[in-house]
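Asker: Structure below; questions to follow.
The values are calculated or read from the model by the stated rules, or taken from the named source; none is laboratory data. Predicted model, so just to flag it, every value in this text is computed and none were measured. As a convention, Cβ positions derive from the backbone with ideal geometry for all residues, glycine included, and neighbour counts pool all protein chains shown.
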Amino acid sequence: MLQIDGPPAPETLRRDQLARRERIVRTAARALANGDYDQVKVSDVARDSGVALGTLYRYFASKEHLQTAFTGPFDADHDAIFSTVNSVLDGSLRAWVMNRATIQDVYRHVDDAIRLIYEYSPN
């Protein structure tokens, strides 16, 4: 039976492949910052990145996988953020915040953060 592996890990890519992958990620981030997630098409990201659709899928298995390429740093930091909040807040306020604030509440604003990053980015 043929086993199909997913896209290669970024650290296994050659320099030119990594540059192509990063160009795709930047293009997707701009597209998602300027539009609704459901409206952004992977084929448009490929076209605007200057690569064929098949090439994009060599690096990313899906639009969700592509999105995690630039939201991953936000995801990785959430534990550190909550740890800091937890150590700073007083007990009763901490209990109130932790009961009200969920990770979903925080990530509701990720799109806004991405828009700001790319709005003020030098590229």
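Asker: Can you tell me which residues in the stretch 39-59 are more than 17 Å from F70 (Cα to Cα) and free of Cβ contacts under 8 Å to residues at least 12 places away in the same chain?
Answerer: Of everything in the stretch 39-59, those that are more than 17 Å from F70 (Cα to Cα) and free of Cβ contacts under 8 Å to residues at least 12 places away in the same chain turn out to be Q39, S43, R47, A52, L53, G54.
Asker: Consider A95 carefully, then state whether it is part of a helix (DSSP H, G or I), surrounded by fewer than 12 Cβ atoms within 10 Å (Cβ to Cβ) and modelled with pLDDT under 75.
Answerer: Considered against the rule, which asks whether it is part of a helix (DSSP H, G or I), surrounded by fewer than 12 Cβ atoms within 10 Å (Cβ to Cβ) and modelled with pLDDT under 75, A95 comes out as yes.
Asker: How about the stretch 8-65: which of its residues are surrounded by 15 or more Cβ atoms within 10 Å (Cβ to Cβ), charged (D, E, K, R) and not in a helix (DSSP H, G or I)?
Answerer: Hits for the stretch 8-65: nothing passes.
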